[in-house]
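Here's the structure, in structure tokens; my notes come after.
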Amino acid sequence: MARAVLVGWLKLRKEYEEYTKGRCKDGTEDVNQSSATDDFLLKTIHEITDSFQNQELPDVKELFREELHMNTTNTDIDARVIEYFNLCNYLIKKHGFTSFYLEERGAKEKFKLLVNSLPKGLKNKVQNELAYRIAWTKSDARKQYELVRIKAKEQEIEERALKKDNISRHKDEKTNIKLNPKQNKRHNERHDHKPIKRIEQERGNDHQKKTNGQSGRIAAK
């Protein structure tokens, strides 16, 4: 696993720990530190998440669309995709949705959230692949990651090629703009000289005619 990926995972883990510590320090819960065992915490977490089943749920898709974003500035595609998946897991835990994304059905619903928040171009590629080629990937976390990773690399290559083409075309346009005034100037100069050359040519023809006429008269004498 790449070092950048591990660093990204540790960063997300630290953020989650800080968030959890902050929640524990707000003073609204009557719980002693000594009683906050793993069993107690696990039980409390399940109580919180399960309580959503009897309450009105927020718009989950809209919530994730606002908070789940891929960091496209990261040049390491593998790390970028792993960070994105880790962020999704973090948001699910943060908002208490863990119990909704368990088992095969939950994995499919979770992947819908992941796909829904992808950048537009990458999102279209992944959706097209799922619709026409490998729909079975929806419930396999490893294959989900691999699909997004491959399509993210394809998208990056296409965007770089398009950017390079745009830069090249822009340079050509600038070159044409610079050359056209000179070309027009040369064209104008050639155009301006045409009447002068025509007059000089006509004068030369007249002079030749006169010379030929004089030569003919001298020969006749």
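The values are calculated or read from the model by the stated rules, or taken from the named source; none is laboratory data. Computed from a prediction, not measured in an experiment: that's the story for all the values here. Cβ: placed from backbone, ideal geometry, glycine included. Neighbour counts: every protein chain shown.
Would you be able to say whether some residue in region 186-204 is modelled with pLDDT of 65 or more and either touching a Phe, Trp or Tyr at 6+ places or on another chain (Cβ under 9 Å) or in a helix (DSSP H, G or I) (or both)? Within region 186-204, none of the residues are modelled with pLDDT of 65 or more and either touching a Phe, Trp or Tyr at 6+ places or on another chain (Cβ under 9 Å) or in a helix (DSSP H, G or I) (or both). Based on what the data block shows, is GLU66 in contact with a helix residue (DSSP H, G or I) (Cβ under 8 Å, 6 or more places away or on another chain), surrounded by fewer than 16 Cβ atoms within 10 Å (Cβ to Cβ) and either free of Cβ contacts under 8 Å to residues at least 24 places away in the same chain or not hydroxyl-bearing (Ser, Thr, Tyr) (or both)? No, not satisfied.
Condition first: modelled with pLDDT under 85 and either assigned to a helix (DSSP H, G or I) or in contact with a strand residue (DSSP E or B) (Cβ under 7 Å, 6 or more places away or on another chain) (or both). Can you find one or more residues in region 141-160 that meet it? Looking for residues that are modelled with pLDDT under 85 and either assigned to a helix (DSSP H, G or I) or in contact with a strand residue (DSSP E or B) (Cβ under 7 Å, 6 or more places away or on another chain) (or both), one finds at least one in region 141-160, hence yes. Residues in region 95-111 that are surrounded by 15 or more Cβ atoms within 10 Å (Cβ to Cβ), in contact (Cβ under 8 Å) with a residue 24 or more places away in the chain, of a type outside the set (Gly, Ala, Ser) and part of a helix (DSSP H, G or I): THR98, PHE100, LYS108, PHE111.
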